[in-house]
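The values are calculated or read from the model by the stated rules, or taken from the named source; none is laboratory data. The structure presented is a predicted model; accordingly, all values stated were derived computationally and were not measured. Please note that ligands, DNA and RNA were not included when accessible areas were found on the heavy atoms of the full protein model with its side chains. Shrake-Rupley method; radii C 1.70, N 1.55, O 1.52, S 1.80 Å.
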Amino acid sequence: MALASTDLKKILVDQKVIQAEDFEKLEKEAKDKKQTVANYLVFRKIIPEDRLAKLVSDFLDVPAIDLTSSEIPQDVLKVIPEPIARRHQVVAFKKKGNELDLAMTDPEDLQTREFVKKKTGFVIKPFLATKTSMDYALSQYHGNLKAEFENILTSKKEGKGGSVKTGETEGADLAKMAEEIPVVRVVDTLLEYSIFEGASDIHIEPQEKEVMVRYRIDGILHDAMTLPKVIQLAVVARIKVLSNLKIDEHRLPQDGRFKLQTDEYNISFRVSTIPIFDGEKVVLRLLDEGAKALTFEELGFARTSLEVIKRNLGRPHGMTLITGPTGSGKSTTLYTILTKLNVKGVNISTIEDPIEYRIPFINQMQVNPKIGLTFAVGLRALLRQDPNIIMIGEIRDLETSEEAIHAAMTGHIVLSTLHTNNAAGAIPRLLDMGVEPYLIASTLNTVIGQRLVRKICEHCKKSVLLSEKEAKSLSQDFDLENLLEVMKREQVLDKKLKHIEDVEFFEGEGCEKCGRTGYKGRMGIYETLDITENIAKLIMGRMTTAQIQGQGVNEGMVLMWQDGFIKAHTGLTTISEVLRVSKE
């Protein structure tokens, strides 16, 4: 049950279930354990679940419903697809005429009610459901689906097409099964609602007795569907058919892609399969080909970083590197830079693995190691195409790095990425590959380090101050005194403030607009290392990451975690998000 903590506190204190100070203590414990206060109170046996439901029901003036003792008709249950039901904790359990009875753990979630009303055309009558009741109702999505697939398999075993085999007939049998209506319906549903939820990835993960489907939304994985084990082969086969992969190959990883295009969206799905103990795991990455290119400001670059980047991109030649782990938004930053540089009078060529977004008037080449088309080979070919600007998807080895540096030395602007933890770490990484320090010092213009953090939901944002205990804990990992000076230098903090406890930060309480998470969307936090004359001298001396970073800080570089704290102060993200992505 989801209810504002202030309302829940009032109910329980008025009913003398708990003292106000005890509630506040339990509320903090629930937050630490990432549970709702209501669920935590039931877990701690402070109040029985059914009694809590009755109190909340009376307070909201919404009837409660217990679904644990009844089976919901499948035609009613399927009015709401499983991904939406699980994500928003809503289940349709009865319909009469144009009215739909909707069980919800949060009857005040007006956005979900409005969405269901718009999608189904029914008038919505909300009911309050407990977590136990909701979990039981959600489990009923299995029943009919499992029966449908067992009927398909039984019909094959009885001679209507033969049983699913290994060998020559397996591919044909799986291909036929992949076209069955229940299979098509399931796959279409999980694809459609991943787009609706704004997911970046879909994970289809076979377990011993079931198949889990999870969506990555704003960088965090969320459960979307749980499928019966019997459906596993058919769902994987359906996705392989869509992405033109070998249906009967289960022992080797495969990669492919397909596209879904409507008037509303144009989404490309990049598909990867790998064999695991319980079957084949499939991951689909969603790429919005209709998305507009973002500006540097929309990406989240602050004043100082933006000045360095724009100044160096204005140079006639040299290399700009973007660093960070997988999934930190490096490709998006690269495409933003390319779009900025994509003007008449220049020839831009790229070599990528894979090509994630198509950009008009840019020549994009796909790496294909099977035929010998590596980054290094492709880059040598591009240099014979009279380019002004070259983008290399990733520098992975000495051969590619040497070709990239050669291109930067011979009058080209070169853009690429490296997998390092921070901006300064890019230089020792290149040295470790075997690149000579004088080549790095003479060609490298800028290194950008980045991570992605979740943005605070604008509808439930509230300001908070750090307690003395929290400030002391943070000071063990971060130089907070220096942070205050950086914030003042960046003109985001009053120069009179002297203590971190006086600095205002923000967090999201959680509301129906953000699915009770307190977050909606993502943005970058960055650090930008300008390769100045002093930094170049350190490179020539093969200095360490810490020494290079220290010199950068002395020259005004804002570190990634500092940029995160600045954004937490200006109400864009939270300190906990900055800590989550910058633990190293």
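So the values come out like this:
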quantity	calculated
Rel. contact order, % - alpha carbon contacts under 8 angstrom, at least six apart, the stretch 280-436	28 percent
Average projected area [Cα convex hull, the stretch 19-130], square nanometres	7.9 nm²
Amide proton proximity set for Val211, modelled H, under 5 Å, gap of 5+	Leu227, Lys229
Histogram of C-alpha separations across the stretch 535-584, 5 Å bin width, %	5, 20, 21, 16, 15, 12, 7, 4, 0
Options (1) 17, 43, 33, 7, 0; (2) 18, 42, 24, 14, 3, 0; (3) 14, 40, 31, 12, 3, 0 - which one matches P(r) over Cα pairs in 20 Å bins from 0, in percent as calculated here	(1)
Whole-number D in µm²/s for the stretch 348-455 (Stokes-Einstein; Kirkwood sum over Cα pairs; 4 °C, 1.567 mPa s)	89 µm²/s
Too-long pairs where the Cα-Cα distance tops 28 Å, listed order kept, from Lys25/Lys54; Lys33/Lys472; Lys9/Lys78	Lys9/Lys78
With every protein chain in place, the chain: carbon and sulfur % of accessible area (1.4 Å)	50 percent
Cα long-axis angle, helix 480-489 against the chain (0 to 90 degrees, to the nearest 10)	70 degrees
Among the listed pairs Lys292/Lys340; Lys310/Lys495; Lys45/Lys469, those beyond 18 Å (Cα-Cα)	Lys310/Lys495; Lys45/Lys469
Length released on extending from Ile276 to Asn534, taking residue separation times 0.36 nm less the Cα-Cα span	87.8 nm
Accessible area of the chain divided out per residue, in Å², using a probe of 1.4 angstrom	49 Å²
Cα gyration tensor, the stretch 341-393 - rounded (a/c under 1.5), prolate or oblate	oblate
The stretch 282-422: Rg to Rh, with Rh as the Kirkwood radius over Cα pairs	0.94
Degrees between helix 303-313 axis and first principal axis of the chain (Cα, 0 to 90, nearest 10)	60 degrees
Probe 1.4 Å - accessible area at Arg87, Å² to nearest ten	70 Å²
Reachable aspartates and glutamates from Lys118, criterion Cα separation under 19 angstrom, eight or more residues apart if same chain	Asp75, Glu82, Glu99, Asp101, Asp106, Glu108, Asp109, Glu192, Glu197, Asp263, Glu264, Glu512
Relative contact order [Cα under 8 Å, 6+ residues apart], the stretch 475-571, whole percent	32 percent
Anchor Lys370: aspartates and glutamates whose Cα lies under 17 Å away (excluding residues fewer than 8 positions away in-chain)	Asp255, Glu352, Asp353
Whole-Å distance, taken between Cα centres, linking the stretch 436-501 and the stretch 546-562	12 Å
Kirkwood hydrodynamic radius over Cα pairs of the stretch 203-323, then Stokes diffusion coefficient at 4 °C and 1.567 mPa s, in µm²/s	74 µm²/s
Karplus-derived HN-Hα couplings along the stretch 214-222 (A = 6.51, B = -1.76, C = 1.60, θ = phi - 60°), whole Hz, x at Gly and Pro	10, 10, 8, 10, 6, x, 10, 7, 10
